[in-house]
Amino acid sequence: MKAVILAGGLGTRISEETSTRPKPMVEIGGKPILWHIMKIYSAHGINEFVVCCGYKGYIVKEYFANYFLHMSDVTFDMQNNQMEIHQRYAEPWRVTLVDTGENTLTGGRLKRVADYVKDDDEFCFTYGDGVANINIGELIHFHKQHGKNATVTAVQPAGRYGALEMDKDIVRGFIEKPQGDGGWINGGFFVLSPSCIDMVEDDSSSWENEPLRILAAQGELMAYEHRGFWQPMDTLRDKNQLEELWQSGNAPWKVWK
């Protein structure tokens, strides 16, 4: 099975990091968040990826073109114009990088890579800026069991700020980032039938609007409830929180060995 990853947005809300590179190439622990997402999928046996590039997509291409250099020790022999790569470790990945346009919206990007998934029974689809300790295998099993065309992973994000625990006007304590209002939101990590792409009209189509609304109206959209860790990287604050978790050695999304 393939995983399609959106990696072409401008990332305007984290412009401190994205003025020189696309958002999925912003690093957590010295590795692009795109790499972290791919590692999550790979831990569950999905090693074939279609990456939808757009804004500064050449940086994504250069990263994978030089993957050995990024991941290995290298000796440069200047006198003899030679390069020796040590510890030739590589992921078992097949990565297709597709230029889906700089201003194309999410649905349009998916439509532009339709030819790469049209012969598959189903494929995974997600955003290039969020991580989770989701069990991809269980997600796919859930999708196959219900038999509908689309599955979205539903998550309940925590509140962004600490809360006061109050008894009338008396403060009894503090709650660190309590659960949100209990509502479920779109956490990405979809499993889709290729026929879902037919719901997308053109480059100006947002996946989150008409395509998902049509699938829901047809009764073809099911929700897989993920109650574990989930965190998007929308702002610099989010990025710093993810970095702190990684540096602590307790990053919840690190489900690989």
Exercise for the section: Report in % the part of the accessible area of the chain that belongs to carbon and sulfur, leaving out ligands and nucleic acids; probe 1.4 Å. Expected result: 46 percent
Handout entry: Mean residue ellipticity (222 nm) of the chain, computed from DSSP H runs ≥ 4 via -39,500 (n - 2.57), nearest 500
Key = -7000 deg cm²/dmol
Problem - Two-decimal Rg/Rh across the stretch 33-139, once Rg and the Kirkwood Rh are taken from alpha-carbon atoms - result: 1.04
Handout entry: Label-zone membership for the stretch 46-65, site Asp203, 7 angstrom Cα→C-beta point, backbone N under 18 Å
Key = 52-58
Completion exercise
Counting only DSSP beta bridges fully inside the chain, the antiparallel percentage to nearest 5 is 50 percent
Fill in the blank from the handout: Phi-derived 3J(HN,Hα) across the stretch 201-213 with the Karplus relation (6.51, -1.76, 1.60, θ = phi - 60°), rounded Hz, x for Gly and Pro, is 7, 7, 4, 8, 8, 8, 4, 6, 9, 4, x, 5, 5
Handout entry: Neighbour net charge for Ser206 - beta-carbon separation under 15 angstrom, K R +1, D E -1
Key = -1
Exercise for the section: Compute the Rg to Rh ratio over the stretch 186-245 from the alpha carbon atoms, using the Kirkwood formula for Rh, and round to two decimal places. Expected result: 1.08
Practice task
Nearest 5 is fine: what % of DSSP beta bridges in the stretch 1-112 come out antiparallel, could you say?
Solution key: 35 percent
Problem - Between the stretch 204-257 and the stretch 61-104, the alpha-carbon center distance in angstrom - result: 28 Å
Fill in the blank from the handout: Here the net charge surrounding Leu110, from other residues whose Cβ is less than 13 Å away from its Cβ (Lys, Arg +1; Asp, Glu -1), is -2
Practice task
Return the subset of Lys2/Lys31; Lys61/Lys118; Lys111/Lys239; Lys168/Lys239; Lys56/Lys144 for which the Cα-Cα distance in this structure is over 31 Å, preserving the input order.
Solution key: Lys168/Lys239; Lys56/Lys144
Exercise for the section: Name the most mobile residue of Phe142, Phe76, Phe123, meaning the one with the largest mean-square fluctuation, in a Gaussian network model of the chain with Cα contacts below 10 Å. Expected result: Phe76
Exercise for the section: At q = 0.13 Å⁻¹, work out log10 I(q)/I(0) for the stretch 1-65 with the Debye formula, treating every Cα as an identical point scatterer and leaving solvent out; two decimals please. Expected result: -0.34
Exercise for the section: For Ser206, tell me the accessible area in Å² from a 1.4 Å probe, rounded to the nearest 10. Expected result: 30 Å²
Completion exercise
Output for the chain (equivalent-ellipsoid semi-axes, sqrt of 5λ from the C-alpha gyration tensor, Å, descending) is 31, 26, 18
Problem - trypsin sites (Lys or Arg not before Pro) within the stretch 57-144: DSSP coil, no more than 14 neighbouring Cβ in 10 Å - result: Arg88, Lys118
Problem - Cα-based Rg / Dmax (Å) for the stretch 92-211 - result: 19.0, 62
Practice task
Report the accessible area of Tyr127, computed with a 1.4 Å probe over the heavy atoms of all protein chains in place, in Å² rounded to the nearest 10.
Solution key: 50 Å²
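The values are calculated or read from the model by the stated rules, or taken from the named source; none is laboratory data. On a predicted model such as this, the values are computed, not experimentally measured, just so you know. In this analysis, Cβ positions are derived from the backbone assuming ideal geometry, glycine residues included, and neighbour counts consider all displayed protein chains. When the accessible area is computed, the model is the full protein with side chains, heavy atoms only, and any ligands, DNA or RNA have been set aside. Shrake-Rupley method; radii C 1.70, N 1.55, O 1.52, S 1.80 Å.
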